[in-house]
Amino acid sequence: AAPVQVQLVVPMTVVFSPGSVPGDLPRPLPFRDVQEMEISVNLRASVTSRYEMRYRSTTGQEEAALAAATAREADAALHPLQDTTLGSLTMYVVPETSSLLPQGINVYVGKHRSALVRAAGSLAALQARLREVTQLMSFTASSMAAALSDRVPNGQLSPDARRNLKSSLGYEITFSLLNPDPKSHTVDWDIEGAVNRYVKPVLDKLSLVANFSVDSQILYYAVLGVTPRYDKESSSFLLSAHSLPHVINPVEARLGSSAASLYPVLNFLLYVPERSHSPLYIQDKDGAPVSTNAFHSPRWGGIMVYNVEAPASPQASLPLHVDVDMARVMEVFLAQLRLLFGLSREEVPPEFLLESPGNEGLADWELDHLLWAHTVENIATVSTTLTSLAQLLDKIGNIVIKDDVASEVYRAVASVQSAVTKLSLGHLHAAFQASKEAVTSSERAFFDPSLLHLLYFPDDQKFAIYIPLFLPMAVPILLSLAKIARETRLRRKEPTKMD
């Protein structure tokens, strides 16, 4: 495929509060500076990151906001004063002695597009700290490698890079309640209320990235593919980590949603174990119980086991009525949704404090993180699709390309060029929109019905189909032609009679 060359430009503002200006500034504030870094992905893809930094002092309003008691309050007060363009970052440098940041914490990342950074002695030390923050809040080499995973040799990728969902124009989310033992349990779950309360705010935020549809179902008599092991000590049943991959297959056959879907389907399953296997606990690789009693499968979804307390009296009438605690369940499913989108917060340095995004499910900068990665992935996908299409058209000699296919190809190329240009100007939102249009156009061209039948009927196949039909007809025709030729030859040899 054609090499992908992208320059990602991050517009940054570094704001010094009084008492935080390093002594070795090259020139008086305000001034601009540019830092470039090459992100080495591989030979077929080069990504350059360019941080366009504007250094300045705080305004009166910003100083007042930074006088708040806690970092959270300061973040909330600073938000209305910031540049809220997608992909832009604002760093507020506070003095080393500032009490805004707790002991041992040097960086506080808010829930919007800004961070509070403790001043370091020199400009170089501060820039090193800023670089760490900007990579966390925009893109890292590993997030770019994951976005370009189709172009990177398998050995060079971290296992996490394969975990994230591929960029798509839409996703379908299915919540399924599995009740394998309806004779013992009548299970009620307020899925509609829970989706509106917990899932909708997250999907509203993610609506910039893709379209989402949500549905739910209850499946009866659907069992897991593995029989759990009984543990005498805890008098409970256990599912070990190595048996988890085998749990999904039989359930998947019952889900039945992914076959008819245009988009990737994310499955979230709530499993209420049958009475004969209760309580059921999931163990991790070391044999310790998993606190959430849930596990996730990369690019597929997640399963949570929901145990029902046994009735106090053995004479209790069956089926037992179970009301599912949706807050507990949704907390687990939303954490799994973040993992599937590659928004996990595990690899954060210890001196960083990250504000929890609250009920929106993800911070503004995490949304940008997704947009950066998906834009680059879309550009790479389109370049691969168009290259494949060009190679295909070269192979099929007698192909006719209709005008509408040609115009989709031109549109895809123009949109990709526009996306690359917009990235190099630091306009993340416009670049992402252009990359989505490019994907749509390139796929329309590639899967156009007028090209499709030529793929399935190349010339050699036509010969294979038609020779058996025409050969029986051709034999008598050829024989009679030979006979005519013979007679003509004989007639020429006969001397003409003279009257």
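Taking the DSSP beta bridges with both ends in the chain, the antiparallel portion is around 30 percent. From most to least packed by mean Cβ count within 10 Å, the peptides 294-303, 111-120, 320-329 give 111-120, 294-303, 320-329. Across Val308, Val15, the residue with the most accessible area heads the list, and the full order at a 1.4 Å probe is Val308, Val15. Of the residues Ile477, Ile399, ranked by 1.4 Å probe accessible area with the largest first, the sequence reads Ile477, Ile399.
Using a 1.4 Å probe over the heavy atoms of the protein chains, calculate the carbon and sulfur portion of the accessible area of the chain as a whole percent. On the chain, the fraction of accessible area on carbon and sulfur atoms equals 56 percent.
Note on Ile484: accessible area is roughly 100 Å² with a 1.4 Å probe, heavy atoms of protein only.
Close Lys pairs in the stretch 165-341 (alpha-carbon distance under 29 Å; sequence gap of 8 or more, or different chains): 5.
Listed by number, the DSSP H helices of the chain that run 15 Å or longer by alpha-carbon position along their axis and have mean Kyte hydropathy of at least -0.5 are 123-137, 245-255, 326-340, 364-395, 403-425, 428-446, 459-493. When only Cα pairs below 8 angstrom with a gap of at least 6 residues are kept, the chain shows a relative contact order of 17 percent.
Taking packing as the residue-averaged number of other Cβ atoms within 10 angstrom, the listed peptides 428-434, 372-378 run from highest to lowest as 372-378, 428-434. A probe of 1.4 angstrom, applied to the heavy atoms of all protein chains, finds Glu351 with accessible area near 50 square angstrom.
By the rule of a C-alpha distance below 16 Å, with chain neighbours fewer than 8 residues away ignored, the aspartates and glutamates paired with Lys422 are Glu52, Asp368, Glu377, Glu437. A straight Cα-to-Cα reach below 27 Å connects Lys493 with the lysines Lys483, residues fewer than 8 places away in its own chain not being considered.
Per-peptide packing, taken as the mean over residues of other Cβ atoms within 10 Å, places 401-407, 179-185, 17-23 in the sequence 179-185, 17-23, 401-407 from highest down.
For the chain, what is the mean residue ellipticity at 222 nm derived from helices alone (per DSSP H run of n ≥ 4: -39500 (n - 2.57); sum divided by total residues; nearest 500 deg cm²/dmol)?
Values: 13 runs with 191 residues, N = 499.
Rounded to the nearest 500, the figure is -12500 deg cm²/dmol.
Calculated accessible area for the stretch 165-341 comes out at 49 Å² per residue, all protein chains present (probe 1.4 Å; ligands, DNA, RNA ignored).
Couplings for the stretch 91-101, taken from phi via the Karplus curve 6.51 cos²θ - 1.76 cosθ + 1.60 with θ = phi - 60°, read 10, 9, 8, 10, x, 4, 8, 4, 8, 4, 9 Hz in order; Gly and Pro are left as x. Compute the signed sum of charges (Lys and Arg +1, Asp and Glu -1) over the other residues within less than 9 Å, Cβ to Cβ, of Ser20. Residues close to Ser20 contribute a combined charge of 0.
Charge dipole (Cα centre; +1 on Lys/Arg Cβ, -1 on Asp/Glu Cβ; no other charges) of the chain amounts to roughly 2200 debye. Accessible surface of Phe447, taken over heavy atoms with a 1.4 Å probe and every protein chain present, rounds to 130 Å².
The values are calculated or read from the model by the stated rules, or taken from the named source; none is laboratory data. Predicted model, so just to flag it, every value in this text is computed and none were measured. Don't worry about glycine lacking a Cβ; one is built from the backbone with ideal geometry, like all the others, and counts go over all protein chains shown. Please note that ligands, DNA and RNA were not included when accessible areas were found on the heavy atoms of the full protein model with its side chains. Shrake-Rupley method; radii C 1.70, N 1.55, O 1.52, S 1.80 Å.
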